[in-house]
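Encoded as structure tokens, the structure appears first; notes follow it.
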Amino acid sequence: MIPAVLPTYSRAPLHFVKGEGTWLIEEDGRRFLDLGAGIAVNALGHAHPALVAALTEQAQKVWHLSNLYEIPQQEELARRLVDASFADTCFFTNSGTEACELAVKMARKYWYEKGQPERVEILTFDGAFHGRSSAAIAAAPTEKMVKGFGPLLPGFKVMKWGDWEALEAAVSGTTAAIMIEPVQGEGGIRPIPDADLKALRALCDKTGTLLILDEVQCGIARTGRLFAHEWAGVTPDIMMVAKGIGGGFPLGAVLASEEAASGMVAGTHGSTYGGNPLGCAVGIEVIKHVTDPAFLAEVNRKSALLRQKLEGLVAAHPDVFESVRGLGLMIGLKCRASNADIVKAGYANEVITVPAADNVLRLLPPLTITDDEIAEAITRLDAAATDVEQALAK
């Protein structure tokens, strides 16, 4: 018989009942060090006091209004995001997938209103992940994402990641936008070099093409800047964010320049729950924390410390790990052993990691992780690697 919960996930047999900062407590009392943060969602860790207070206070006032009315919390969060970024305007969603849908619609509507309705094609890249909606899987059509779900939504062309010459040749009179993650997450923690992101911006400027950045996983201070593209000193026209922005509460957003958003007038898009008072109250607290220069400096300091210790871990287990890559606290361990086996060994040693493509182990800890917890993470990862080595030797 089919279970009550649709079986679309292969779930680990763990039942977490409580979270405290960087820790998750299993119902049997075991304490797991969480280096996944709900896949980069719990940016401030579990049950952060400021987020709990914001949610509790707002819950006693009003939860939902719908966007038929002005929502002060939504307006404040939008203003904070606009003031801290390239953007002039913001639309709130409930997820990164919904943000992708709007980003695609916004780019195509822009060209329609400019009298060039033929400009509908979105250029994307292999290894990307933009969500699981019809548009998102067409934008990143790996077999596991699209098999059995055809026909795919037209209007997307997938380019080889890193082949910028081919990309330039592909831009044509029907190209609406280029959509890319500054750091691929699901694709194996692959950052775009700053020089390449600058060249990408220049290509868009030369051809009039809109640049859409997907910062759903790499944004909200994950890389040590509020947004990852800031390291390259460039700005997008449209940007998708989610995950960390709500600190665990379902929240996403599309940020855009006034020009890029010019086609999105009243009635062109909507969301019943997007920008609700509860989510935005939590989001305001998250943004207050992650835009603090001292907080960002700590993310960078701790990321350097963790990376240094991980280099030592790789050197100590050359049959298990190959290299360290990534940016900030968005780190990938390229593995020689199966990353799935390492994740499983981590569970046995009470440390949580996340697999990715290219046989990479993702480390996406809460941005509030402490130095002592970093040391403990290395101890537990070392024990997991030793277990994998012993299994390989049998």
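Structure values in brief
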read-out: Cβ crowding within 10 Å averaged over residues, with 79-85, 340-346, 326-332 ranked highest first; value: 326-332, 340-346, 79-85
read-out: Karplus (6.51, -1.76, 1.60) ³J(HN,Hα), θ = phi - 60°, over segment 321-333, in Hz, Gly and Pro reported as x; value: 10, 10, 6, 10, 8, x, 8, x, 9, 10, 10, x, 9
read-out: Global size of segment 1-41 as Cα Rg and Dmax, reported in angstrom; value: 12.5, 38
read-out: Charge tally in the Cβ shell below 10 Å around A281, where Lys, Arg are +1 and Asp, Glu are -1, A281 excluded; value: -2
read-out: Calculated from backbone phi, Karplus (6.51, -1.76, 1.60) coupling profile of segment 64-76 in Hz, x at Gly/Pro; value: 9, 10, 6, 7, 6, 10, 6, 10, x, 5, 5, 5, 5
read-out: Proximal lysines to K198, defined as alpha-carbon separation beneath 16 angstrom and excluding residues fewer than eight positions away on the same chain; value: K206
read-out: Karplus 3J(HN,Hα) series, Hz, for segment 161-173 with 6.51 cos²θ - 1.76 cosθ + 1.60 (x for Gly, Pro); value: 4, x, 9, 6, 5, 5, 4, 4, 5, 7, 5, 9, x
read-out: Förster radius 30 Å - calculated FRET efficiency between L68 and K288, Cβ distance, rounded to 0.05; value: 0.60
read-out: Highest-fluctuation residue, A356, A50, A266 considered, GNM on the chain with Cα pairs under 10 Å; value: A266
read-out: Debye-sum result for the chain in log10 I(q)/I(0), which assumes one identical scatterer on each alpha carbon, at q = 0.15 Å⁻¹; value: -1.44
read-out: Least to most buried among H46, H289 (fewest other Cβ within 10 Å first); value: H289, H46
read-out: Max mean-square fluctuation residue, GNM over the chain, Cα-Cα springs under 10 Å, options R11, R307, R325; value: R11
read-out: Mean ellipticity per residue at 222 nm, deg cm²/dmol - from DSSP H runs of n ≥ 4 across the chain, formula -39500 (n - 2.57); value: -11500 deg cm²/dmol
read-out: Protection-proxy order for peptides 3-9, 348-354, each taking the mean of Cβ atoms within 10 Å per residue, highest first; value: 348-354, 3-9
read-out: Per-peptide average of other Cβ atoms within 10 Å, ordering 255-261, 364-370 highest first; value: 364-370, 255-261
read-out: Residue among Q74, Q184, Q60 with the largest mean-square fluctuation in a Gaussian network model of the chain, springs linking Cα atoms under 10 Å; value: Q60
read-out: For segment 293-393, fraction of C-alpha pairs farther apart than 19 Å, in %; value: 35 percent
read-out: Amide H contacts of S323 (H built 1.01 Å from N, under 5 Å, at least 5 apart or other chain); value: K334
read-out: Sequence-separation-based contact order of the chain, relative, with Cα cut under 8 Å and 6+ spacing, percent; value: 23 percent
read-out: Other-chain or far-sequence residues with amide H under 5 Å of T368's (modelled H); value: G45
read-out: Dimensionless Rg/Rh of segment 205-323 - Kirkwood Rh, Rg from C-alpha atoms; value: 1.08
read-out: Using a Förster distance of 35 Å, the FRET efficiency for L305-T268 (Cβ separation, nearest 0.05); value: 0.15
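Values in this text are rule-based calculations from the coordinates and carry no lab data. Quantities reported herein were computed from a predicted structural model and do not represent experimental measurements. Reconstructed Cβ throughout: ideal geometry from the backbone, glycine too, with neighbour counts over all protein chains shown.
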